Amino acid sequence: MTILQAIIYGIIQGAGEFLPISSSGHLIAIPWLLGWADHGLEFDIALHWGTLAAVLAYFWRDWIRLLKSGIHGTGTRDGQMFWYLIAATIPGAVIGFLLDDVVESYFRNAGLVGISLIIMGIVLYFCDRYGRQDVNFKQMTFRQSLWIGVSQALAIIPGVSRSGSTISCARILGLDRESAARFSFLLSTPIILGSAIVPLKKFYGSGLSIPLGNFMVGILSAAIVGILCIRFFLQYLKKADLAIFVWYRFLFGAILLLFYFNR
């Protein structure tokens, strides 16, 4: 892996983790299209440390406030939201743990990514187009947060997108776009943390197969782009819908399938 490739992978991870376009799908599709060697699971883990840094850097005040309130129970709105987020994390964490080997063995397929991009694009369009906007972040219920957590489990399929599935679910449950994205990003924190820590046991004591400098460049790129994308997306959703991301999914998914069936 070259330094340039490490930067590109970091950019893909940082943008795809928070925009509804699927980081895992792009990390499979881009090297496949360009003929690059598989960068491996250990580098994927490193990139998750970058996006974890991004979401913590952006929301650290929120998490400190939520954690302080959550320790004292559900007597305050922040305390309730902390435990809503914890409960909503469980479905995705369980599914990810149970199906991790299946995903790594059978789901890393550019054709499947193309199909997932298009199907989830359709879902994203209808949920955003016909979802109500009468619930904001502070009005969320436990039921709504739990359903959003269940939808997060779908992101185990490359091309679906964690933010895409959670924002789609939030929109169909009536959340406004900015609130849907904010909850999605907060909900991503423990999942990204798990994705960065749990797989490390597979590589304990085996050393790195990629130069340390490439790891650091990838992590830094993912962190910087992640922060920029969080900031951009939350501002963008104050005045626009998700159509541009839907059309991007359709276009990139179609390109992938075209190449896949002609190779």
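The values are calculated or read from the model by the stated rules, or taken from the named source; none is laboratory data. Bear in mind the structure is a predicted one, so any value in this text is a computation, not a measurement. Cβ sites come from the backbone with ideal geometry, for glycine too, and all protein chains shown count toward neighbours.
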(message) Looking at the structure I just gave you, is Gly50 surrounded by 23 or more Cβ atoms within 10 Å (Cβ to Cβ), farther than 22 Å from Leu154 by Cβ and at pLDDT 90 or above?
(response) yes
(message) Checking the condition in contact (Cβ under 8 Å) with a residue 40 or more places away in the chain and either in a helix (DSSP H, G or I) or crowded, with 22+ Cβ neighbours inside 10 Å (or both), which residue from Ile64, Ile11 passes?
(response) Ile11
(request) Would you tally the residues in region 68-120 being in contact with a Leu (Cβ under 6 Å, 6 or more places away or on another chain) and free of Cβ contacts under 8 Å to residues at least 24 places away in the same chain? (result) 2
(request) Using the structure shown, decide if Ala181 is among the small types (Gly, Ala, Ser), modelled with pLDDT of 95 or more and more than 14 Å from Met120 (Cβ to Cβ). (result) yes
(request) Examine region 103-111 for a residue that is surrounded by 20 or more Cβ atoms within 10 Å (Cβ to Cβ) and not hydrophobic (A, V, I, L, M, F, W, C), and state whether such a residue exists. (result) no
(request) Can you tell me which residue among Ala223, Ala254, Ala170 is under 19 Å from Met81 (Cβ atoms) and either at pLDDT 95 or above or not in a helix (DSSP H, G or I) (or both)? (result) Ala170
(request) Considering every residue within region 130-149, establish whether at least one is assigned to a helix (DSSP H, G or I), under 15 Å from the mean Cα position of the chain (by Cα) and not small (Gly, Ala, Ser). (result) yes
(request) With the condition kept exactly as written, say whether any residue in region 160-176 is on the phi > 0 side of the Ramachandran plot and in contact with an Asp or Glu (Cβ under 8 Å, 6 or more places away or on another chain). (result) yes
(request) Might you check whether a residue that is modelled with pLDDT of 95 or more, over 22 Å from Tyr125 (Cβ atoms) and part of a helix (DSSP H, G or I) occurs anywhere in region 229-239? (result) yes
(message) For region 14-29, check the following and say yes or no: at least one residue is over 13 Å from the mean Cα position of the chain (by Cα) and at negative phi.
(response) yes
(request) Assess whether Ser116 counts as being part of a helix (DSSP H, G or I) and under 30 Å from Ala29 (Cβ atoms). (result) yes
(request) Pick out the one residue from Asp100, Asp78, Asp38 that is at pLDDT below 90 and either part of a helix (DSSP H, G or I) or under 25 Å from Phe183 (Cβ atoms) (or both). (result) Asp100
(request) State all residues of region 138-167 that are touching a Ser or Thr at 6+ places or on another chain (Cβ under 9 Å), free of Cβ contacts under 8 Å to residues at least 60 places away in the same chain and either of a type in the set (Gly, Ala, Ser) or crowded, with 17+ Cβ neighbours inside 10 Å (or both); if no residue qualifies, say none. (result) Met140, Ser151, Leu154, Ile157, Ser165, Thr166
